[in-house]
Every structure is written in C-alpha cells, then in structure tokens.
Amino acid sequence: MRKIVVINNPKDWQLNIEGVEVVAVRSYLTNPQYADIKNVRIFNLARNYWYQSAGYYVSLLAEARGQKVIPSVTTIQDLKSSTIVRVITDEIDELIQKSLSKIKSNQFALSIYFGKNLSPQYDTLSKALYNLFQAPILRAQFQFQKKWVLQGISPISVKEIPESHKPFLEESANEYFKKKRYDGKRISKTIYDLAILVNPNEKAPPSDKKAIQKFIDIGEELGFYADLITKEDYSRVSEYDALFIRETTAVNHHTYRFARRAFADGIPVIDDPISIMRCTNKVFLAETLGKAKISTPKTVIVHKDNRNDLEAMLGFPIVLKQPDSAFSVGVMKAVDRKSLDEILDKMLSDSDLVIAQEFLPTDYDWRIGILDNKPLYACKYYMAKDHWQIYNWTKSKTDDQFGNAETMPIEKVPEIVLETSLKAANLIGSGLYGVDIKQKGNSVYIIEVNDNPSLDHGIEDYCLKDELYRKVLGSLLRRIEQKKTL
C-alpha cells in the first residue's frame with residue numbers, strides 16, 4: 001500500500017523512512033493527481049486540525065476520495081471534546097492509574113509517537129490511547145484529582161517535538177510504517193429505551209410538534225418508551241436503547257457529540273456521526289459525488305488560489321455555499337464580480353474551502369427520503385415566493401419564508417429521480433437521508449444529501465400517514481435487535 005505523509009512544509013519532515021512519500025498540505029488539497037489515488041494510506045501531520053482548517057480538509061477529502069486516512073475526521077472531532085475524551089477513556093481507567101501510580105507530581109504529559117513512548121513503562125498506556133484516538137503524534141495531559149484524570153489529548157506538529165526525541169520518533173515511525181494493518185479499537189455497549197433529541201427553541205426544526213408527538217405515540221405501540229431530551233441531557237445518553245436526533249445537525253455542534261457518544265456506546269442512532277460528518281460538509285459531498293460520476297450542477301471547490309477564476313469557469317449568477325450550511329442558511333448567490341468578492345471574503349475567512357456551483361433555476365426541488373437504502377417518501381419543494389430558494393430567511397412572515405410542498409407516492413416519481421437519489425444516498429451510508437434533486441427535462445442533478453431530513457406532519461407523511469413513523473422507528477428497533485444478537 002502506498003504511504004503518503006501530508007505536512008504543511010515538507011522540509012520539516014527530516015525522518016529517513018523507507019517507502020514513505022511526503023506531500024505538502026496545499027498540494028494534497030489542490031493538485032488533481034492526489035484525488036484519484038487508490039490503495040493508499042494518508043498520514044495527516046498538518047500543523048493543526050481546527051474545524052474547516054486546511055488540516056481538517058486533508059482528512060475530510062481523503063475520506064471523500066475513498067482513501068484511508070489517519071487521523072479520521074471522527075477522531076479529529078473526538079480529540080476536540082474533553083467530555084468525549086473522558087467518556088471514551090473510561091474503560092482504560094485502571095490502566096491509567098496503574099501506569100501513573102509512581103509519579104509524584106500532580107501533572108503529567110505523555111508524548112505518543114506512532115503509538116509508543118520514549119519510556120517503555122508507558123508503552124502499554126500509549127498503545128491503548130492510540131487505539132482509541134488514532135493520530136500519528138499525540139500529547140496526553142493528565143492531572144491528579146484524587147486519582148489520575150485525562151484532561152485532554154491533542155495532536156502535535158513535528159516542529160513541536162524536542163530534538164532529543166527525534167531519534168526515537170524515527171525509530172517508532174519506521175516500525176509503524178512497516179505494519180500491514182492499522183486497526184482501531186471498537187467500543188460497544190448496549191442499553192435500552194428511546195431518546196429523541198430536540199431543541200424547543202429551534203426556528204425550523206426537522207420535525208414539528210405534531211410529528212414529534214406521532215413518534216412518541218407510535219413508538220409506544222412498537223414497544224418504545226420515548227423521552228424528549230435536549231442538549232443539557234448529554235450525560236443521560238447512555239441510559240437509552242436508541243437515540244433519534246430531531247434537531248438540525250452540524251459537526252461542530254452538540255448534535256454531533258450526542259451522536260458520537262451514542263455510537264461510542266454501541267447505541268443505535270439516527271443520525272449516526274459518520275452520516276452527520278459526511279452530509280453536513282458540502283466539500284465532502286462535492287468530492288464524493290464527483291468521484292462517483294453523479295450529475296450535479298457544475299461545481300468548483302474554491303480556495304484563495306482559484307477564487308479569481310470562478311467567473312470564467314461558471315459565469316454569473318454563481319451559488320456559493322459555506323461547507324456546513326443547512327436549510328439554505330449560508331447559501332448565497334453572487335450576480336456580479338462585486339458581490340462575488342464580498343461573499344468570498346466573508347466565507348473564506350471562516351473556512352479554507354468553499355463550494356461554488358452554477359445556478360440552475362427551477363420551480364421546485366425534488367426531495368426523496370431514503371431509509372435503510374430504500375425510498376421512503378417523495379416531495380416536491382417549491383421555491384419561496386419571489387425567491388430562488390425553498391427557504392427565504394430574509395422574510396419576517398412565516399407564510400413567505402417557505403415555498404409550498406407536494407408529496408406523492410413513490411411509484412409516481414420518475415425512475416431517473418429515484419435511481420439517482422438512491423445512488424447518492426448509498427455513498428453516505430444506510431441511515432435516514434433526504435436527497436435534493438433538480439430536474440430539467442430528462443436530466444437530473446443532485447443538489448445535496450441531507451442527514452437530517454424534514455419529517456413534518458401533513459407534509460412528508462401525507463401519503464404514508466402513520467406508516468412513515470412506523471418505518472423510521474422500526475429501523476431503530478431492528479438495529480437494537482441486531483445489537484443484541486452480536
């Protein structure tokens with residue numbers, strides 16, 4: 001397997017490692033030759049992995065390209081949350097206490113180089129932490145509070161490593177890269193009951209109050225006791241048999257932490273954290289759909305080096321999307337050079353990469369609901385009054401904010417719309433998705449795949465009625481039963 005180390009400045013990589021290629025972060029992100037590489041392992045040693053930084057996008061695009069990458073985006077998100085770090089490391093608490101029992105001070109920093117530590121006495125602990133948080137170079141911070149507690153664990157850059165540690169780093173790296181497998185440790189645990197995560201104050205939640213009540217009532221018929229929880233109930237996630245997220249999701253958000261906590265505990269969850277990560281970032285979707293040769297509006301991944309080429313590539317108007325936009329928030333239309341520059345100045349200050357697409361005006365967008373790799377419902381969402389999007393957040397009146405919706409039986413949907421929706425959703429996973437499609441004549445174009453599609457009373461359930469709720473909850477029930485048999 002080809003091995004590529006991605007680092008901000010290749011000159012910082014002074015290790016003599018046979019069979020390892022060293023590539024600059026910017027080259028990996030922007031050079032097309034790295035997009036189609038197969039049978040490759042990417043080792044992301046970027047200077048930082050902040051959300052939407054270049055280092056973050058190295059791991060995100062590697063996953064979109066079907067390349068194996070360390071650290072994964074899931075690991076990057078886990079490392080940022082001290083709460084998740086403590087939850088995940090609970091099971092190695094005994095090893096932590098034993099390994100650090102002879103330390104006299106109240107604080108201790110453990111440097112982990114490719115799963116090893118300079119001192120053999122900490123090798124077992126270093127390996128255990130690497131299994132939980134796979135990243136090439138880590139530093140774990142412990143504090144003694146009646147017992148040793150892991151305060152945080154974070155990746156460090158090559159430049160932060162002391163010179164005296166470099167020979168050991170090279171030795172560990174050589175041993176590491178000779179391995180044939182890089183397997184992580186799985187955490188599994190099963191518990192009971194259904195939690196529905198909601199935000200009572202959300203302006204446009206994915207399910208209205210009537211739909212939520214349907215989930216509660218029909219859940220009771222299926223044998224669920226449904227409990228509505230909010231972001232304050234994070235510590236209670238492990239009490240439940242399954243988690244159903246009915247709040248707008250994002251990676252840099254508590255909804256992702258809830259999903260990741262459930263996933264780590266072996267609790268069936270819709271939406272799962274992988275689906276949230278993949279769907280909520282438009283850069284990942286653009287790369288994934290492009291590689292699968294699924295039709296989309298002409299799309300360009302924008303960065304500071306190519307922003308001035310957009311007019312020639314796409315013409316005006318140009319639709320610009322923040323990578324983590326949802327419900328049309330963070331989606332803007334540039335109609336000329338001035339508006340394009342203004343929008344890009346703002347978006348590129350928040351994210352190193354932005355999505356630009358050609359503008360395809362239509363009267364409505366298809367929304368095909370997909371559950372467990374099968375069509376669930378089909379809607380036509382019409383554009384808001386005097387607006388180019390389904391949602392018009394500039395309007396104060398609710399009636400003018402949203403366009404009308406028309407729901408129809410699956411069998412009446414054009415075959416090409418269904419086939420394209422399924423193909424796109426299957427690239428994400430086997431959860432609950434809403435695939436948005438524009439149709440112009442006999443051609444269809446994927447706009448996006450949503451991990452948290454709307455399920456509102458009187459709209460998405462118009463054809464299936466109560467059966468829609470039974471199908472969704474039935475999926476969670478099957479996942480619980482499958483867990484019991486493992």
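The values are calculated or read from the model by the stated rules, or taken from the named source; none is laboratory data. What you see is a predicted model; the values in this text were computed from it and never measured. Virtual Cβ from ideal backbone geometry, glycine too; neighbours counted across all protein chains shown. What goes into the accessible areas is simple: the full protein's heavy atoms, side chains included, and nothing from ligands, DNA or RNA. Shrake-Rupley method; radii C 1.70, N 1.55, O 1.52, S 1.80 Å.
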Rounded to 10°, Cα long-axis angle of helix 282-291 versus longest principal axis of the chain: 90 degrees
Rounded if a/c is under 1.5, else prolate if a/b is larger than b/c, else oblate: which is the stretch 1-106, with a ≥ b ≥ c the root eigenvalues of its Cα gyration tensor? prolate
Percent of alpha-carbon pairs separated by more than 20 Å within the stretch 257-401: 58 percent
Any idea what angle helix 209-221 forms with the longest principal axis of the chain, computed on alpha-carbon atoms, 0 to 90 degrees, nearest 10? 70 degrees
XL table Lys80/Lys166; Lys231/Lys374; Lys321/Lys440; Lys11/Lys346; Lys293/Lys374; Lys11/Lys98; Cα-Cα > 28 Å flagged, in table order, is Lys231/Lys374; Lys11/Lys346; Lys11/Lys98
For the chain, give the share of DSSP beta bridges that are antiparallel, in percent and rounded to the nearest 5; count only bridges with both residues there. 70 percent
Which cross-chain or sequence-distant (5 or more) residues have an amide H under 5 Å from the amide H of Lys298, H modelled 1.01 Å from N in plane? Glu358
Past the 22 Å Cα-Cα mark, which pairs from Lys214/Lys282; Lys291/Lys423; Lys438/Lys471? Lys214/Lys282; Lys438/Lys471
Any chance you could run the full-extension gain for Lys104 through Asp233? It's 0.36 nm times the residue separation minus the Cα-Cα distance, nm to one decimal. 42.8 nm
From the phi angles alone, apply the Karplus equation (6.51, -1.76, 1.60; θ = phi - 60°) to the stretch 331-342 and give each ³J(HN,Hα) in whole Hz, x where the residue is Gly or Pro. 10, 10, 10, 9, 9, 7, 4, 4, 5, 4, 5, 5
How large is ³J(HN,Hα) for each residue in the stretch 74-86, as worked out from phi by the Karplus curve 6.51 cos²θ - 1.76 cosθ + 1.60 (θ = phi - 60°), to whole Hz, x for Gly and Pro? 4, 5, 4, 5, 4, 4, 7, 9, 5, 5, 5, 4, 5
Heads up, the stretch 424-486 by the C-alpha gyration tensor (a ≥ b ≥ c square roots of eigenvalues; a/c under 1.5 rounded, else a/b over b/c prolate, else oblate) looks oblate
In degrees between 0 and 90, to the nearest 10, how far off the longest principal axis of the chain does helix 466-485 point, with axes built from Cα atoms? 20 degrees
How do Asp272, Asp461, Asp193, Asp305 rank by accessible surface area computed with a 1.4 Å probe, from largest to smallest? Asp305, Asp193, Asp272, Asp461
Cα gyration tensor shape for the stretch 65-177, rounded if a/c is under 1.5, else prolate or oblate: oblate
Mean accessible surface per residue for the chain, computed with a 1.4 Å probe while every protein chain stays in place, in Å²: 46 Å²
DSSP-loop GluC sites (Glu not before Pro) across the stretch 1-108, with at most 11 other Cβ within 10 angstrom: Glu18
In whole percent, how big is the carbon plus sulfur part of the accessible area of the chain, probe 1.4 Å, protein atoms only? 47 percent
How would Lys127, Lys104 rank on accessible area, largest to smallest, probe 1.4 Å? Lys104, Lys127
Distant-in-sequence amide H partners of Asp193 (H built 1.01 Å from N, under 5 Å): Asp241, Ala242
